[in-house]
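Heads up, the thing below is written out as structure tokens.
The values are calculated or read from the model by the stated rules, or taken from the named source; none is laboratory data. Everything quoted here is computed from the prediction, not taken from an experiment. Here the Cβ positions follow ideal geometry from the backbone for every residue, glycine too, while neighbour counts run over all protein chains shown. Please note that ligands, DNA and RNA were not included when accessible areas were found on the heavy atoms of the full protein model with its side chains. Shrake-Rupley method; radii C 1.70, N 1.55, O 1.52, S 1.80 Å.
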Amino acid sequence: RVQSGDNSGLRVQGTRMESFFNSVSAGSVVAKVPKPIQTIGENESVAAAMRKLKKFKILSLPVVNGDSKGDKFIGVLSVADIVNNLVFHPVFIDSVEKYEKGEMSKVNFQTTIDLNILQSPVKDVIGKRAESKFLWVFHEEDKLSKLAAYFSRGFHRVLLERKESNGGNCILSQSDLVRFVRHHLTDPKVQHIARLSLEEFGLAMGGKKIVTISPDECALGAFRCLLSTMWTDAIKTSNSRLGIGGDLSALPIVNDKGRVVGTLSHSDLRGVDVTNLHELLLPVTEFCKRRIAENRLSKKKANALVTIAVSPQSSLEATIRKIVDSGVHRAWIVDEEKLVGVVSLTDILSLFTPYDFSFLKYYQRSRL
């Protein structure tokens, strides 16, 4: 049934799709022979982690004890963790000011950042953002509903333990689960709910200000805004309540006419290292274009990074298809060319759990 609420949209009650994920094991989602897990040791430098992230064109690395041959996972390091540590660091702030004034050359800027920040060990960085504190571990026989319960709280990846005969351990992400849903949209347990509109799910609320960034804003300021716009929550563990939270992962780039013209996300940090950190001073749209070119993204991926939009009347099914087929992590909900909401992978996966999560409420705040 549908009930109105708060004059901010419609909310469908009793439309969770837990039964579908309760019937599927996690091991059935991933490939038989996954890509090898790339790790970084807690005592290795942040610079070494950046080189590995760039080499393999990935966004995160599980952190192990000691060096890279450690046998115990102690957390996860993402490119967002590294940049978060950078952009608020006093040495970086001072160096940027001097570089902009012409008081420091590009070479000296890079050397200063490398020696004073990037040569620090990885263990000094993990834990500053909520997601890097943990690397959740699941077993291949666990039901998807168990994994979805964690993903629906904003976590992006977990370690999946598998028998060697089944391909060995691997990393399982939000994208993997939503991609699995994409290929099972005709399942009776999913189909009747997936046909409902985003408006009916309460994901297109409108009427409230949503935090955005301008196309002309410098990338450094935009990432500071992104990484400091926080959400918090709590989850139950076996004997306590665990506080969790994080940043929004992405912000819409909106022009002076209120139209969404792009997206700034953690993915745009792919390939960032000491040699191109100065590009953070470029306008955000130019920064994104350079990242696309340097990472040699396919035409589909490059276009997808510009903007993926749906309407309040779009069905959940159509939205999932568009997100997965475009290779992105969210779609902006636009009504008459105005931004009214967002649907992310986290939002989608929460519909398969009892947990009622929506990133929209965290976007509905004044710009920082």
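Cβ separations smaller than 7 Å between residues 6+ apart or across chains give the following pairs from the stretch 118-142 residues that are under 14 Å from Ser78 (Cβ atoms) and in contact (Cβ under 8 Å) with a residue 24 or more places away in the chain to residues that are part of a helix (DSSP H, G or I) and acidic (Asp, Glu): Val125/Asp81; Ile126/Asp81; Lys128/Asp81; Arg129/Asp81; Ser132/Asp81. Report every pair of residues separated by at least 6 positions or lying on different chains whose Cβ atoms are under 9 Å apart, first residue within the stretch 314-327 and in contact (Cβ under 8 Å) with a residue 24 or more places away in the chain and among the basic types (Lys, Arg), second open to solvent by 30 Å² or more (accessible area, probe 1.4 Å) and assigned to a helix (DSSP H, G or I). If the second residue must be open to solvent by 30 Å² or more (accessible area, probe 1.4 Å) and assigned to a helix (DSSP H, G or I), the pairs left are Arg321/Arg182. One residue stands out among those in the stretch 348-362 that are part of a helix (DSSP H, G or I) and touching a Phe, Trp or Tyr at 6+ places or on another chain (Cβ under 6 Å): the one that is modelled with the lowest pLDDT, which is Tyr362. Among the numbered conditions (1) over 20 Å from the mean Cα position of the chain (by Cα); (2) at pLDDT below 90; (3) within 19 Å of His266 (Cα to Cα), the only one that Ser68 does not meet is (3).
Against the list (1) open to solvent by less than 30 Å² (accessible area, probe 1.4 Å); (2) closer than 17 Å to Thr263 by Cβ; (3) modelled with pLDDT under 90, the condition Val310 fails is (3).
Regarding Ala80, is this residue outside any loop (DSSP other than H, G, I, E, B), surrounded by 13 or more Cβ atoms within 10 Å (Cβ to Cβ) and at pLDDT 90 or above? It is false that Ala80 is outside any loop (DSSP other than H, G, I, E, B), surrounded by 13 or more Cβ atoms within 10 Å (Cβ to Cβ) and at pLDDT 90 or above. Count of the stretch 79-98 residues, restricted to those that are out of contact with any Lys or Arg (no Cβ under 8 Å at 6 or more places or on another chain), touching a residue at least 12 places away in the same chain (Cβ under 8 Å) and closer than 19 Å to Arg129 by Cβ, is 5.
The combined condition, being modelled with pLDDT of 85 or more and open to solvent by 40 Å² or more (accessible area, probe 1.4 Å), is fulfilled by Glu286. Restricting the first member to the stretch 143-161 and to residues that are under 19 Å from Leu61 (Cα atoms), and the second to residues that are part of a loop (DSSP other than H, G, I, E, B) and polar (S, T, N, Q), the beta-carbon pairs closer than 9 Å and six or more apart or on different chains are Phe151/Thr353; Gly154/Ser249; His156/Ser249; Leu159/Asn169; Leu160/Asn169; Glu161/Asn169. Where strands (runs of 3 or more DSSP E) fall entirely within the stretch 94-189, those with at least 3 residues that are buried (at least 16 other Cβ atoms within 10 Å of the Cβ) are at 157-161, 170-173.
Quick check, is Ser45 within 23 Å of the chain's Cα centre (by Cα) and either open to solvent by 20 Å² or more (accessible area, probe 1.4 Å) or not basic (Lys, Arg) (or both)? Considered against the rule, which asks whether it is within 23 Å of the chain's Cα centre (by Cα) and either open to solvent by 20 Å² or more (accessible area, probe 1.4 Å) or not basic (Lys, Arg) (or both), Ser45 comes out as no.
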